[in-house]
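Data first, discussion second: the structure below is written as structure tokens.
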Amino acid sequence: MSITCKQCRAQVQHDLWVSGSHDCPLSLDPAEGESWDDYSKRSNNWRAMVLAIAEETGRSAVEVGREQKKEKEDE
């Protein structure tokens, strides 16, 4: 059984979803001490950026999101 992630539209196995193991490339983890409003704004900006790059390059948003997260981690 699989579940469709509402953010990235990926098919995620139920056990991975329930355990929280799906690292959605279109969502970010909240920063420590960050308000809900700030987190929402930052997440919306992230999602818009990933979707724009995906559209511009013709690549999937999942692929672009993973690539962008990796680049951000490497900084």
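Tabulated data
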{"item": "Matching residues in the range 23-52 - criterion: being of a type in the set (D, E, K, R) and modelled with pLDDT of 90 or more", "result": "GLU32, GLU34, ASP37, ASP38, LYS41, ARG42, ARG47"}
{"item": "Enumeration of residues in the range 4-34 that are assigned to a loop (DSSP other than H, G, I, E, B), loosely packed, with under 14 Cβ neighbours inside 10 Å and either of a type in the set (A, V, I, L, M) or touching a His at 6+ places or on another chain (Cβ under 6 Å) (or both)", "result": "ALA31"}
{"item": "Unique residue being at pLDDT 90 or above and either open to solvent by 100 Å² or more (accessible area, probe 1.4 Å) or assigned to a loop (DSSP other than H, G, I, E, B) (or both) when the list is GLU63, GLU73, GLU67, GLU55", "result": "GLU55"}
{"item": "Filter result (among the basic types (Lys, Arg) and over 18 Å from ALA10 (Cβ atoms)) within the range 51-75", "result": "LYS72"}
{"item": "Tabulated pairs, the range 9-30, first free of Cβ contacts under 8 Å to residues at least 40 places away in the same chain and closer than 22 Å to LEU51 by Cα, second open to solvent by 70 Å² or more (accessible area, probe 1.4 Å) and part of a strand (DSSP E or B), C-beta under 9 angstrom, 6+ apart or interchain", "result": "HIS22/GLN13"}
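The values are calculated or read from the model by the stated rules, or taken from the named source; none is laboratory data. Keep in mind that what you see is a predicted model, and the values were worked out from it rather than measured. Ideal geometry is used to build each Cβ from the backbone, glycine not excepted, and the neighbour counts take in all protein chains shown. Quick note on the areas: whole protein, heavy atoms, side chains included, nothing else; ligands and nucleic acids left out. Shrake-Rupley method; radii C 1.70, N 1.55, O 1.52, S 1.80 Å.
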